[in-house]
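Undergrad: After the structure tokens below, expect a handful of questions from me.
The values are calculated or read from the model by the stated rules, or taken from the named source; none is laboratory data. Keep in mind that what you see is a predicted model, and the values were worked out from it rather than measured. With ideal geometry, Cβ positions are generated from the backbone for all residues, glycine too; neighbour counts draw on all protein chains shown.
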Amino acid sequence: MNRHERRKAKKYRIALDQIHSTCDIQVDAKFEQVVGIFANAKGRKIVEDVWPDVQWTTDEKFQYEHPPDWLFTHVRVTKLPSHLETMVPLSFASPDSLGFAVAATLQRHAELGRVIYYSGAVPDVIINRFGGIPDGGTDAFAEYVPAGTPLGGPKSVH
């Protein structure tokens, strides 16, 4: 779907306090190939089946914004599925592209529509949901990143 088709796509609004009841996993890309994953108990099992080394945590800010049964972890994408890598090599992939790859990987293992991923930047954040994932796709490779690991920000060319 190109940019013009996305703009024409039907948009739905959802109250922030209802997001958690509509999914089990939320994906939010960061910097330096790191992607945040938030999940309830059902979602955490799925994430652990894909990346067994992850560890879950919470903090005061996260607890304020999410229900008590939700925790978060971070992974660093180390290899994209080959069909994505041929379009954009990992070293050139944007954070939104990496978030998509992680979300697609998790959606392959979850109930349809129970994984969402965020794209864009504040104040224009978009909540995305998959209508389906083609069979035969491959998973992204990722490694656990401990909470509190310093991450850089966007690099300026000036």
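Undergrad: Every residue in the range 62-86 that is loosely packed, with under 14 Cβ neighbours inside 10 Å and modelled with pLDDT under 90, please.
TA: Gln63, Tyr64, Glu65, Ser82, His83, Thr86
Undergrad: Sticking with this structure for a sec: Could you figure out which of (1) surrounded by 14 or more Cβ atoms within 10 Å (Cβ to Cβ); (2) touching a strand residue (DSSP E or B) at 6+ places or on another chain (Cβ under 9 Å) isn't true of Asp139?
TA: The single condition Asp139 does not satisfy is (2).
Undergrad: May I ask you to say which residue of Val27, Val75, Val115 is touching a Phe, Trp or Tyr at 6+ places or on another chain (Cβ under 7 Å) and more than 24 Å from Thr149 (Cα to Cα)?
TA: Exactly one residue qualifies, and that residue is Val115.
Undergrad: Within the range 32-54, can you find the residues that are exposed (fewer than 12 other Cβ atoms within 10 Å of the Cβ) and in a loop (DSSP other than H, G, I, E, B)?
TA: Correct list: Pro52, Asp53.
Undergrad: Okay, moving on. Can you confirm whether the range 91-105 contains a residue that is touching a Leu at 6+ places or on another chain (Cβ under 7 Å) and aliphatic (A, V, I, L, M)?
TA: Step one: filter the range 91-105 for residues touching a Leu at 6+ places or on another chain (Cβ under 7 Å), giving 93, 101.
Applying the additional criterion that residues be aliphatic (A, V, I, L, M) yields 93, 101.
Yes, the range 91-105 contains at least one residue that is touching a Leu at 6+ places or on another chain (Cβ under 7 Å) and aliphatic (A, V, I, L, M).
Undergrad: Moving to a separate point now. Looking at the range 86-131, which of its residues are under 13 Å from Gln33 (Cβ atoms) and more than 10 Å from the chain's Cα centre (by Cα)?
TA: Residues satisfying the conditions are Val88, Pro89, Leu90, Ser91, Phe92, Ala93, Ser94.
Undergrad: May I ask you to list the residues in the range 94-128 that are hydrophobic (A, V, I, L, M, F, W, C), part of a loop (DSSP other than H, G, I, E, B), touching a strand residue (DSSP E or B) at 6+ places or on another chain (Cβ under 8 Å) and modelled with pLDDT of 90 or more? Spell out how you get there, then give the answer.
TA: Start the filter on the range 94-128 by keeping residues that are hydrophobic (A, V, I, L, M, F, W, C), which leaves 98, 100-104, 106, 110, 112, 115-116, 121-122, 125-127.
From what is left, the residues that are part of a loop (DSSP other than H, G, I, E, B) are 110, 112, 121-122, 125.
Keeping just the survivors that are touching a strand residue (DSSP E or B) at 6+ places or on another chain (Cβ under 8 Å) gives 110, 125.
Ala110, the sole residue that qualifies.
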